[in-house]
Amino acid sequence: MEKNPEKQTVKSNIDRRDFLQKSLLLAGGTVGASWLLSACGKSSTSAAASGPSVNFTIDLSSTQYKSLKTKGSYVYVNTTIVACDASGNYVALYSVCPHAGCDIIFDGSSQFPCPCHGSIFDESGNVVQGPASSGVRKYTCTLNGNILTVAG
Ligand code: FES
């Protein structure tokens, strides 16, 4: 036990200050942890497929687009990539890679790789391989004679 009451008061003030500092650190850590958790929650919801709405037609009998009748081929119409896959089905996706904005290409079979950093998207626009963390918008293709309608 201390004999000098002044010294005891000083020690008590130091203990109080130490207690307040530790409390603030703990409170800050709690706030920081909850912020991180909410930020992680937001990033998972922001991983929705990117891309604008489109609605256009392609005349497959035209010189410009007749190559699209060949399986494995693809064309770009503005920011949409339209492909004829290995099964002869038409697939249209938003062509701008969400990672850094390069145009994705078609592998001639069923996948859409990005030539810039290696992301790969499937025919639904979902990420098969990163670094892209979100997919690209898929559009509906409807063939009526030689007229392919792309919308969505
Ligand atoms: S821009 Fe497509 S993977 Fe980086």
Worksheet entry | Single condition Val136 does not satisfy, out of (1) aliphatic (A, V, I, L, M); (2) within 13 Å of the ligand (Cβ to nearest atom); (3) touching a residue at least 12 places away in the same chain (Cβ under 8 Å); (4) open to solvent by 40 Å² or more (accessible area, probe 1.4 Å) | (4)
Practice prompt. Please determine, by comparing only the residues of the range 96-133 that are under 19 Å from Asn78 (Cα atoms) and touching a residue at least 40 places away in the same chain (Cβ under 8 Å), which one is farthest from the ligand (Cβ to nearest atom).
Written response: Gly125
Discussion item. Looking only at the range 68-89, count every residue that is within 15 Å of Asn55 (Cα to Cα) and either open to solvent by 10 Å² or more (accessible area, probe 1.4 Å) or in contact with an Asp or Glu (Cβ under 8 Å, 6 or more places away or on another chain) (or both) and tell me the total.
Written reply: 5
Item to complete: Using the structure shown, decide if Val77 is touching a residue at least 60 places away in the same chain (Cβ under 8 Å) and within 11 Å of the ligand (Cβ to nearest atom).
Response: no
Practice prompt. Would you check if there is a residue in the range 41-57 being within 16 Å of the ligand (Cβ to nearest atom), at pLDDT 95 or above, among the aromatic types (Phe, Trp, Tyr) and open to solvent by less than 80 Å² (accessible area, probe 1.4 Å)?
Written response: no
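The values are calculated or read from the model by the stated rules, or taken from the named source; none is laboratory data. What you are looking at is a predicted structure, and each value in this text was computed from that prediction instead of being measured. We place every Cβ from the backbone using ideal geometry, glycine too, and count neighbours over all the protein chains shown. These area figures cover heavy atoms from the full protein model, side chains too; ligands, DNA and RNA do not enter into them. Shrake-Rupley method; radii C 1.70, N 1.55, O 1.52, S 1.80 Å.
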